[in-house]
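All remarks here apply to the structure that follows.
The values are calculated or read from the model by the stated rules, or taken from the named source; none is laboratory data. Everything numeric here is computed off the predicted structure, so don't read it as measured data. Please note: Cβ atoms are built from the backbone with ideal geometry, for glycine as well, and neighbour counts cover all protein chains shown.
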There are 2 protein chains.
Amino acid sequence: MPTLDDIRQAARELEGRIHRTPMLTSSALNERFGADLVLKAELFQKTGSFKVRGLLTKLLRLSATERERGVITVSAGNAAAALAWAARDAGVPATVVMARTAVQAKIDAARGYGATVELVEGDLMAHYERIKDERQLTGVHPFDDEHVITGHGSLGLELLADRPDLGTVLVPVGGGGLISGVATALKLMKPEIRVIGIEPQQADVVSRSLEAGAPQQLGTARSIADGLAAPVCGTRNFPLVQQYVDQVVRVSEEALLDATRLVMSRTKLALEPAAAAPFAALLEGSIQLDHATVTAAVVSGGNLDVSKLML
Amino acid sequence: MPTLDDIRQAARELEGRIHRTPMLTSSALNERFGADLVLKAELFQKTGSFKVRGLLTKLLRLSATERERGVITVSAGNAAAALAWAARDAGVPATVVMARTAVQAKIDAARGYGATVELVEGDLMAHYERIKDERQLTGVHPFDDEHVITGHGSLGLELLADRPDLGTVLVPVGGGGLISGVATALKLMKPEIRVIGIEPQQADVVSRSLEAGAPQQLGTARSIADGLAAPVCGTRNFPLVQQYVDQVVRVSEEALLDATRLVMSRTKLALEPAAAAPFAALLEGSIQLDHATVTAAVVSGGNLDVSKLML
């Protein structure tokens, strides 16, 4: 499990390589929810999501041999571009296995950062394993990895550095990568802070894992919040979520859509539905806010499929 | 015609009442256009567009009698919410005449700021004139007004205060309100700066007016950049555009849509199509950029119809 020193070390390594994203406020959202909210605008992060924090941390800690041979991951979403960017930044060759049906903009993004993109049909994981072995590449899991978790923890440090008075932090949840790092950092610094995760009802693998007491898998996980549609809860993430996260709540697809539109119209941030999950929970009334303290919502990414914006 | 002192006075009156919006940069856009761009993020302005600058300036300069009786305007767009907000801020009762078919979110916004909204069918101007006379209200034109122009000039002051090295400024053009104020401020301070306006081919009343040498009217003006679909060029705006604007270029509807999606995906700003007009012109290659100097694009507003965001 990462210590606070590990996380601080990762934050130092990331400094100057990634953005220190701003904390924003919106009087319109405060009025709407009767709350004192701050938004961690991580959609302005390199590649448009928090994922570069953990992935770059991971790449910076590879051995010289591993760096030379290169890395490989499998992704349909933000992790593809984030790994490609981080690999370029760290000077490591990267291969990304993506489905032939992936959104073209996401394929282009990974290629644009210089990654080798392998477009495959059928079983992505089988292709991933085969290519990894053939080319002697180091596999990088987008969230089930201690260094990735440690890197994501840097976001927790920034939250408390900017607002030491934080009472509650709301974090979107997919496979548990972001929240395990952020909650570890926050609770090690300020144990009385509340950390609440939000995941789609239709992709609720972390809630199910907590209920079962062990990491679970879903047969299918589909949500308009595609960034949260992980079918597995990470085995390294799970014990940290168990220990440090106060609560994980589920949100409906309808609330995710409503929240995306609401936050976009009020803040003018082009957030993706995954990033609207905290506001979806506020819309559904499934989180009790402490109105005496400040609540931070992590706006985790902005990689909307803009081809779906009809005007 | 407003002097630089008039504009500076308006800026002082606005200070603390409206936002000083940031100048943002995007390495992705700079790469895409081979340019050194700064974005004036006026979409973060109160009510989500620049319009509060001029309208609040206007209201602060009314006589005591006019303030007491109240003001009225006719609008289907950003001016409705902006006048309603400015009127609440200035403590003046406001009436807004809107078509019954107006977007519900825009009706709600004007009402939310406390304006009396008159929803009418048929000839909007006839209803406007009748209500104005019956209730002895002061009519406020959203752009064809010297005080409105003066207030919009404050944006020009901010551009040069933040980036004294600006070589070119790109401004979306509807009826000429914003660009007449901004160009006046800029040219009075730095005559060698280039000011370029961009308007939709389908709503090109300012280009036609410049070609004809006098303010023109259009039978219809429809564009996905609804904020730019003014059917008239203001009579007070026209001579300032003639004198201070170097060039006005037209952009296609397709380029407006492509530019909105491009800028949103690269910057994560939820801009409206009107605000993407400068980038539409860059996509179409109709503006020659001076690559040795900095170019500012005014991202004029963010009042997207979010109900059109399909996910």
key: Odd one out for B:ARG236 among (1) within 12 Å of chain A (Cβ to nearest Cβ); (2) modelled with pLDDT of 95 or more   = (1)
inquiry  = As an exercise: evaluate B:ALA230 against (1) at pLDDT 95 or above; (2) away from every other protein chain (no Cβ under 12 Å); (3) part of a loop (DSSP other than H, G, I, E, B) and give the number of the one condition it does not meet.
reply    = (1)
inquiry  = Given the condition among the basic types (Lys, Arg), crowded, with 22+ Cβ neighbours inside 10 Å and over 24 Å from B:LEU137 (Cα atoms), answer yes or no: does some residue in segment B:8-18 qualify?
reply    = no
Scan of segment B:82-100 for residues that are modelled with pLDDT of 95 or more and surrounded by fewer than 19 Cβ atoms within 10 Å (Cβ to Cβ), ordered by number = B:ARG88, B:ASP89, B:GLY91, B:PRO93
Options B:LEU119, B:LEU170; residue that is in contact (Cβ under 8 Å) with a residue 12 or more places away in the chain and surrounded by 15 or more Cβ atoms within 10 Å (Cβ to Cβ) = B:LEU170
request  = Working carefully through the options B:VAL195, B:VAL205, find the one that is touching a residue at least 24 places away in the same chain (Cβ under 8 Å), among the hydrophobic types (A, V, I, L, M, F, W, C) and closer than 26 Å to B:PHE33 by Cα.
outcome  = B:VAL195
remark   = The one condition A:PRO278 fails out of (1) in contact with a Pro (Cβ under 8 Å, 6 or more places away or on another chain); (2) away from chain B (no Cβ under 14 Å); (3) in a helix (DSSP H, G or I); (4) surrounded by fewer than 20 Cβ atoms within 10 Å (Cβ to Cβ) is (4)
message = Looking at A:PHE238 and the list (1) in contact with a Pro (Cβ under 9 Å, 6 or more places away or on another chain); (2) surrounded by 24 or more Cβ atoms within 10 Å (Cβ to Cβ); (3) in a helix (DSSP H, G or I), which single condition is not satisfied?
response = (2)
Residue count, segment A:245-270 (criterion: crowded, with 22+ Cβ neighbours inside 10 Å, in a helix (DSSP H, G or I), touching a residue at least 40 places away in the same chain (Cβ under 8 Å) and not β-branched (Val, Ile, Thr)) = 1
Exclusive hit being farther than 30 Å from A:ALA41 by Cβ, out of contact with any Pro (no Cβ under 7 Å at 6 or more places or on another chain) and acidic (Asp, Glu), set B:ASP258, B:ASP226, B:ASP204 = B:ASP204
request  = Might you check whether a residue that is at pLDDT below 95, within 14 Å of chain A (Cβ to nearest Cβ) and under 20 Å from B:GLY153 (Cα atoms) occurs anywhere in segment B:218-225?
outcome  = no
inquiry  = Could you check segment A:248-262 and list, in sequence order, the residues that are polar (S, T, N, Q) and away from chain B (no Cβ under 13 Å)?
reply    = A:SER252
request  = List the number of the failed condition for B:ILE131; all other conditions in (1) of a type in the set (A, V, I, L, M); (2) under 16 Å from B:VAL298 (Cα atoms); (3) over 15 Å from the mean Cα position of the chain (by Cα) hold.
outcome  = (2)
query = Since A:GLN288 meets every condition but one in (1) away from chain B (no Cβ under 13 Å); (2) polar (S, T, N, Q); (3) buried (at least 20 other Cβ atoms within 10 Å of the Cβ); (4) in a loop (DSSP other than H, G, I, E, B), which condition does it not meet?
reply = (3)
inquiry  = Exactly one condition in (1) in a loop (DSSP other than H, G, I, E, B); (2) of a type in the set (A, V, I, L, M, F, W, C); (3) at pLDDT 95 or above is false for B:LEU283; which is it?
reply    = (1)
message = Tell me whether segment A:36-47 contains one or more residues that are basic (Lys, Arg) and either modelled with pLDDT under 95 or outside any strand (DSSP E or B) (or both).
response = yes
task = Being closer than 27 Å to A:VAL103 by Cα, modelled with pLDDT of 95 or more and small (Gly, Ala, Ser) narrows it down to one of A:GLY122, A:GLY139, so name that one.
result = A:GLY139
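When the residues of segment A:291-311 are narrowed to those that are hydroxyl-bearing (Ser, Thr, Tyr) and buried (at least 18 other Cβ atoms within 10 Å of the Cβ), which ends up farthest from the chain's Cα centre (by Cα)?
Here the residue is A:THR295.
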ask   = Could we say that B:ARG32 is in a helix (DSSP H, G or I), under 16 Å from B:SER154 (Cβ atoms) and in contact (Cβ under 8 Å) with a residue 60 or more places away in the chain here?
value = no
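Here's the yes/no breakdown for (1) within 25 Å of B:ALA274 (Cβ to Cβ); (2) in a helix (DSSP H, G or I):
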site: B:LEU59; (1), (2): yes, yes
site: B:GLU66; (1), (2): no, yes
site: B:ILE72; (1), (2): yes, no
site: B:ALA79; (1), (2): yes, yes
site: B:ALA86; (1), (2): yes, yes
site: B:MET98; (1), (2): yes, no
site: B:GLY122; (1), (2): no, no
site: B:ILE131; (1), (2): no, yes
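Restricting attention to segment A:291-311, and to residues there that are within 14 Å of chain B (Cβ to nearest Cβ) and part of a loop (DSSP other than H, G, I, E, B), which single residue is modelled with the lowest pLDDT?
A:LEU311
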task = Take segment B:122-163 and flag every residue that is small (Gly, Ala, Ser), under 21 Å from B:ARG53 (Cα atoms) and surrounded by fewer than 21 Cβ atoms within 10 Å (Cβ to Cβ).
result = B:GLY139, B:ALA161
query = In the list B:ALA76, B:ALA84, which residue meets the criterion of being outside the structural domain of B:THR21 (by TED's automatic domain parsing) and free of Cβ contacts under 8 Å to residues at least 60 places away in the same chain?
reply = B:ALA84
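One line per residue, one yes/no per condition, for (1) out of contact with any helix residue (DSSP H, G or I) (no Cβ under 8 Å at 6 or more places or on another chain); (2) β-branched (Val, Ile, Thr); (3) within 27 Å of A:ALA84 (Cβ to Cβ):
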site	(1), (2), (3)
A:ILE18	no, yes, yes
A:MET23	no, no, no
A:GLU31	yes, no, no
A:ALA35	no, no, no
A:LYS46	no, no, yes
A:ARG53	no, no, yes
